[in-house]
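A short worksheet on the structure shown next.
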Amino acid sequence: MEGFADEALIEVVSGHGGNGCVAFRRERFVPHGGPAGGDGGRGGNVIFRVQHNLRTLAHLHHQHFFAAENGHDGEGSGRYGKKGADVLIPVPPGTVLFDAETRELFRDFGVDSRDFVFLHGGNGGWGNIHFKSSVNQAPLKALPGKEGKKKKVKAELQLIADIGFVGFPNAGKSSLLDTLTNARPKIAAYPFTTKIPNLGVLSVGGSDLVLADIPGILEGASHGVGLGIQFLKHISRTRVLAFLIDLSDERYREAFVILCHELESFSPDLIKKQRIIIGTKLDIEGTVEHLDQLNNQFPTETVVGISVHANIGLETLKTTLGHLV
């Protein structure tokens with residue numbers, strides 16, 4: 001997913017209404033024809049639409065300005081002007097729209113994914129056909145179209161997933177996502193391999209679960225340390241949090257507590273979600289004992305041990321994830 005972006009600032013403008021027309025009937029046998037100026041067309045609307053194959057707001061970095069078409073002017077013979085074309089702005093699922101200056105919430109597409117008519121175009125002006133009266137049979141009056149509206153919008157993406165993988169860098173999140181789903185995240189034995197959230201789909205028990213691999217979180221991430229702070233907001237959409245603990249790491253006993261603290265510092269609601277502890281790299285010597293210690297340390301938590309490389313515990317994990325969701 002090259003060019004990933006989870007924030008964008010754009011300016012949008014709805015179309016101006018077309019002007020009304022001043023015209024009169026000019027027919028051979030009607031020497032005193034009355035007014036025949038048509039109305040101007042309505043300006044185009046600004047519409048946001050969820051596009052389900054989009055996973056990033058990068059396209060809004062390439063185009064910052066979106067304008068709907070102006071309505072066409074009215075014409076003679078009572079012809080109304082054509083309505084201006086709408087401008088359609090695609091966004092990925094989970095996008096939230098705010099006022100760029102006041103932070104007023106316009107629409108949360110994670111809650112309501114229907115098309116959102118954000119700005120309506122201006123009304124078209126009346127032609128002189130509307131102004132005929134008993135004392136004015138040949139009005140020279142027509143109205144201009146109403147102006148469209150302009151807004152600066154901040155778009156923020158919050159990924160939607162059933163299960164979010166949380167852990168320190170190099171805890172095995174990308175490898176697990178690759179094994180369980182059809183995703184192909186970048187994997188290597190160094191921290192911060194994952195620079196963007198990756199999504200995959202796991203089929204279990206006749207249902208499809210969306211899994212999200214969130215970039216590794218460092219201690220202090222909730223205060224801006226490392227890369228994690230940029231993506232902690234994506235976890236807010238997940239239904240279940242899967243805490244991946246590297247059982248071969250010397251910090252395996254404290255990792256879960258640190259991760260919970262970072263999530264709670266960012267948003268107290270995160271720590272209230274359903275969760276599971278996944279001990280990884282169970283194929284390495286000494287990790288079986290470490291898994292037992294985690295079970296004893298957190299008796300009220302669901303703890304599952306796995307090894308992606310040795311294919312240990314993966315079926316149990318799939319079943320457990322299915323039950324949690």
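The values are calculated or read from the model by the stated rules, or taken from the named source; none is laboratory data. Source: prediction; values computed, not measured. Cβ coordinates were reconstructed from backbone atoms using ideal geometry, including for glycine residues, and neighbour counts include every protein chain displayed.
Quick look at the values:
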item: Test set (1) under 43 Å from the mean Cα position of the chain (by Cα); (2) touching a residue at least 40 places away in the same chain (Cβ under 8 Å) - Asn53 fails condition number; result: (2)
item: From Leu263, Leu259, Leu244, residue being within 24 Å of the chain's Cα centre (by Cα) and either in contact (Cβ under 8 Å) with a residue 12 or more places away in the chain or farther than 17 Å from Ile214 by Cα (or both); result: Leu263
item: Residue check, Gly313 of a type in the set (Gly, Ala, Ser) and within 22 Å of Ser203 (Cβ to Cβ); result: yes
item: Some residue of region 241-251 being surrounded by 15 or more Cβ atoms within 10 Å (Cβ to Cβ) and of a type in the set (Lys, Arg); result: no
item: Filter result for Pro144 (out of contact with any strand residue (DSSP E or B) (no Cβ under 7 Å at 6 or more places or on another chain), outside any strand (DSSP E or B) and not assigned by TED's automatic domain parsing to the domain that holds Ala23); result: no
item: Residue among Thr320, Thr316 that alone is surrounded by 15 or more Cβ atoms within 10 Å (Cβ to Cβ), part of a helix (DSSP H, G or I), in contact (Cβ under 8 Å) with a residue 12 or more places away in the chain and not hydrophobic (A, V, I, L, M, F, W, C); result: Thr320
item: Candidates Glu101, Glu27, Glu2 - the one that is within 24 Å of Leu211 (Cα to Cα) and either modelled with pLDDT under 95 or within 13 Å of the chain's Cα centre (by Cα) (or both); result: Glu2
item: Index of the failed condition, Glu75 passing every other in (1) more than 30 Å from Arg275 (Cβ to Cβ); (2) surrounded by 23 or more Cβ atoms within 10 Å (Cβ to Cβ); result: (2)
item: Among (1) buried (at least 22 other Cβ atoms within 10 Å of the Cβ); (2) at pLDDT below 95; (3) out of contact with any helix residue (DSSP H, G or I) (no Cβ under 7 Å at 6 or more places or on another chain) - the single one Gly17 does not satisfy; result: (2)
item: Any pair with Cβ under 9 angstrom, 6 or more apart, that starts in region 71-84 at a residue that is on the phi < 0 side of the Ramachandran plot and ends at one that is surrounded by fewer than 23 Cβ atoms within 10 Å (Cβ to Cβ) and hydroxyl-bearing (Ser, Thr, Tyr); result: His72/Tyr80; Gly74/Tyr80
item: Boolean, Leu244 is in a loop (DSSP other than H, G, I, E, B), modelled with pLDDT of 90 or more and touching a helix residue (DSSP H, G or I) at 6+ places or on another chain (Cβ under 8 Å); result: no
item: Answer residue from region 247-273, given it is basic (Lys, Arg) and not in a loop (DSSP other than H, G, I, E, B) and is modelled with the lowest pLDDT among those; result: Lys272
item: All positions within region 30-52 that are in a strand (DSSP E or B) and at pLDDT below 95; result: Val30, Pro35
item: Tally of residues being over 16 Å from Leu57 (Cα atoms), surrounded by 11 or more Cβ atoms within 10 Å (Cβ to Cβ) and basic (Lys, Arg) across region 92-135; result: 1
item: Whichever residue in region 60-97 is in a loop (DSSP other than H, G, I, E, B) and of a type in the set (A, V, I, L, M, F, W, C) and, among such residues, is nearest to Leu9 (Cα to Cα); result: Ala68
